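Working notes, beginning with the structure itself.
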Amino acid sequence: MTSKATTWRATVLTLFPDMFPGPLGVSLAGKALASGLWVLEARDIRDSATDRHRSVDDTPAGGGPGMVLRADVLAAAIDAADAAPGGPKDRPRDRPGDRPRLLMSPRGRPLTQSRVTELAAGSGPLIVCGRFEGVDQRVIEARGLEEVSIGDYVLSGGEIAAMALIDACVRLLPGVMGKQASGAEESFSEGLLEYPQYTRPQEFEGRPIPEILTSGDHARVAAWRRAESEALTRARRPDLWAIKSGQNRPKNTTDG
Ligand code: SAM
């Protein structure tokens, strides 16, 4: 288990460091960044190029369209990030392999709230953002990169995917969300989607707030929310519902 004595830090390797912090510089994540609750380091992969054109890509072996990020350049960028001082001066350097090394990739394992929770509990990941047709397979293997997808669609680069992952982690860091409880009841926290939310006005275009929510009866409100969560999950995410209802099923105690 990683010590929480160090500040959570995301190191992003990208061809477009100017894209950062971007949306991570505003609102909840931005305020937390400004107040030092987490650290963001965007490093330019191109700084590890060795030729005078600073090339980072080449044509795919075996032919085909597009370009591929070179293994040697990307490996050098990862090694340089590992060797760099980590954030605040008093922070010990990361040892290679100390923290998760992620590669944003449409063919990766889909990102889940439970993986986000694990990443937020550690010292923070190193994240490689792919471009072009992707990255040379050998660097994935040689540097132990964990491929992570944010959905079954193809973005033009890993930066927006990395931002989504970082945002999901940062809001779970201690002190970032105003009310810690708000994380506990959200979608996916218990394998269910969140119940519908309402606020004033009491009536909007002829639609009142469900009476239970204004009854002041906390037990009934909790039961209503639970039932709504379950109904929504069953209707919209049968995959999640199958897991949840499997967990709730009593275990067969007559085995053997
Ligand atoms: N040729 C690749 C394929 O078919 O799997 C797609 C490459 S994509 C144009 C360029 C980069 O965008 C990828 O290397 C990856 O870093 C990022 N990317 C695209 N879609 C993504 C997704 N759904 N999740 C995470 N990263 C993604």
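The values are calculated or read from the model by the stated rules, or taken from the named source; none is laboratory data. Just so it is clear, the model here is predicted, and its values are computed rather than measured. Virtual Cβ from ideal backbone geometry, glycine too; neighbours counted across all protein chains shown. Side chains included, ligands, DNA and RNA excluded: accessible areas come from the protein's heavy atoms. Shrake-Rupley method; radii C 1.70, N 1.55, O 1.52, S 1.80 Å.
Data table
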| item | result |
| --- | --- |
| Test: residue in region 53-66 that is in contact (Cβ under 8 Å) with a residue 60 or more places away in the chain and open to solvent by 80 Å² or more (accessible area, probe 1.4 Å) | yes |
| Failed criterion for LEU102 (all others in (1) at pLDDT 95 or above; (2) away from the ligand (no atom under 11 Å from the Cβ) hold) | (2) |
| Any hit, region 24-41, residues being open to solvent by 40 Å² or more (accessible area, probe 1.4 Å) and among the acidic types (Asp, Glu) | no |
| Count of residues meeting criterion [open to solvent by 10 Å² or more (accessible area, probe 1.4 Å) and away from the ligand (no atom under 11 Å from the Cβ)] in region 137-160 | 7 |
| Selection from region 46-62 of residues that are more than 15 Å from VAL135 (Cα to Cα) and either outside the structural domain of SER156 (by TED's automatic domain parsing) or not in a helix (DSSP H, G or I) (or both) | THR50, ASP51, ARG52, HIS53, ARG54 |
| Restricting region 191-226 to residues that are in contact (Cβ under 8 Å) with a residue 24 or more places away in the chain and open to solvent by 50 Å² or more (accessible area, probe 1.4 Å), the residue that is nearest to SER245 (Cα to Cα) | ARG226 |
| Flag if ARG131 is within 22 Å of VAL56 (Cα to Cα), open to solvent by 30 Å² or more (accessible area, probe 1.4 Å) and within 6 Å of the ligand (Cβ to nearest atom) | yes |
| Selection count where residues are open to solvent by 60 Å² or more (accessible area, probe 1.4 Å) and either within 18 Å of the chain's Cα centre (by Cα) or modelled with pLDDT of 95 or more (or both), scope region 3-18 | 2 |
| Selection within region 161-189 - free of Cβ contacts under 8 Å to residues at least 60 places away in the same chain and within 11 Å of the ligand (Cβ to nearest atom) | ALA161, ALA164 |
| Helices (runs of 4 or more DSSP H) lying entirely in region 109-198 (those with 1 or more residues that are closer than 20 Å to GLU41 by Cα) | 113-121, 159-170 |
